[in-house]
Amino acid sequence: MTGRRFDWRGEAVAVVCDDAAMLARAEAYLGLPTSAVAGEGATIAVETRRDGHQLRGPFGRLTMAGGADGAYALLEAIAHVFATHTRRLVVHAGAFVGADGGAVVYFGVPFAGKSGLTHAAWRRGLTVIGDDRLWLDTAAGTVRAFPKCLKIRMGDGPPPAGARGATAAGDAFVGALRGDRRLVVSRRAGGFAGYDAAYPVRAMAPIARGAETALVAAPSAEGLGPVLAGATLAATPPMALIRLAKRHAPGGRPALLRIADGDFAGALDILTTL
Amino acid sequence: MTLYRRIQDTDEETFGDDLVVMNAKTQAVVTLNGTARVVWESLAAPVTADDLVALFVAAFPETDAAMLERDVEAALATLIEAGLVVIDGGDDDGRR
């Protein structure tokens, strides 16, 4: 068994795995500092079975097909354990760095379009902080990367044109989890923020699917719902997050960025002008 | 007559036209707009449900009084359910 301790700026998840290549891929893709760990200290244990891999951890047991699906599951499991055990404020949001060096943060429930928007930002050459989870420091008003890879939803099609270079370089692979097929992009691929960088928040907006791509006024409950959903609020009062969202809301009022089907470029145009 | 009051330990913030109120003990957050916001603001001192209805009837004389009564009672029920308003004379957990 090979064991690695993944260190995210003082918080750690230890993984033991009998598939050295799978663990090495997780190590390379997350880009976190790691160190050797013995089996008894593991948070997640991965065992190769005849029909694939079995992952055991605080989330229970997960049996996965082997190869890429197993590697994707391990990356997701590590992210899940970090998110559920952290004392930090981790929010369900994506973010990129704008032209002025400030972070543009977009909150959204699953399938709202966070990954598609992040992929559009990455293709446009903007530095991506994350596509699904972020570490927010409400006191400092800054955002940092969370240990999770960009995952581009694919359906049954080939990898999107903008990601073929990363795929060819070994910085991306296709994996499926519970029927959801994604292109998983390594954080070592160019264009991703490192874990040490803290970016001042410039703008925040919740996103949702819509008939047209537009930034619209929204009742505060509708605007705050995605901001609070999935946030780890154990050590941070929700009101601190709400005040940060208010401070950085477009025009200081509750708003929602609606995204028409697949129009992530249009949504990005709006976000980059906030 | 039953008097209602706000719990003591809350935090609130306006956002747009709404008021976001947090129960500091449970950290539950409620967004109040329209009638619920006015009811909350009217509960700065303990009042009865009848007082609240009378306040609304005086403020909106053109509106059907029965409808205002239903709206006020619904808003009061929402605030009680959220743990933000309790019967006066007890503690903030509703114990007497």
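Quick notes on this one:
- Among the candidates A:His80, A:His92, the residue that is closer than 20 Å to A:Ala229 by Cα and in a strand (DSSP E or B) is uniquely A:His92.
- Candidate set from segment A:228-247 (those that are more than 9 Å from chain B (Cβ to nearest Cβ) and more than 21 Å from the chain's Cα centre (by Cα)); member that is surrounded by the most Cβ atoms within 10 Å (Cβ to Cβ): A:Ala240
- Restricting attention to segment B:18-30 and to residues that are facing another protein chain (nearest Cβ under 8 Å) and at negative phi, the residue that is surrounded by the most Cβ atoms within 10 Å (Cβ to Cβ) turns out to be B:Val20.
- For segment A:32-41, the set of residues classified as buried (at least 18 other Cβ atoms within 10 Å of the Cβ) and either over 18 Å from A:Arg9 (Cα atoms) or at pLDDT 90 or above (or both) consists of A:Leu32, A:Thr34, listed by residue number.
- Every listed requirement among (1) of a type outside the set (Ser, Thr, Tyr); (2) touching a residue at least 40 places away in the same chain (Cβ under 8 Å); (3) within 12 Å of another protein chain (Cβ to nearest Cβ) is met by A:Ala218 save one, (2).
- A:Thr213 being more than 8 Å from chain B (Cβ to nearest Cβ), more than 20 Å from A:Ala83 (Cα to Cα), of a type in the set (S, T, N, Q) and in contact with a Leu (Cβ under 9 Å, 6 or more places away or on another chain): yes
- Unmet criterion (only one of (1) within 14 Å of chain A (Cβ to nearest Cβ); (2) loosely packed, with under 13 Cβ neighbours inside 10 Å; (3) modelled with pLDDT under 90) for B:Asn33: (2)
The values are calculated or read from the model by the stated rules, or taken from the named source; none is laboratory data. No experiment lies behind these values; they were computed from the predicted model shown. Cβ sites come from the backbone with ideal geometry, for glycine too, and all protein chains shown count toward neighbours.
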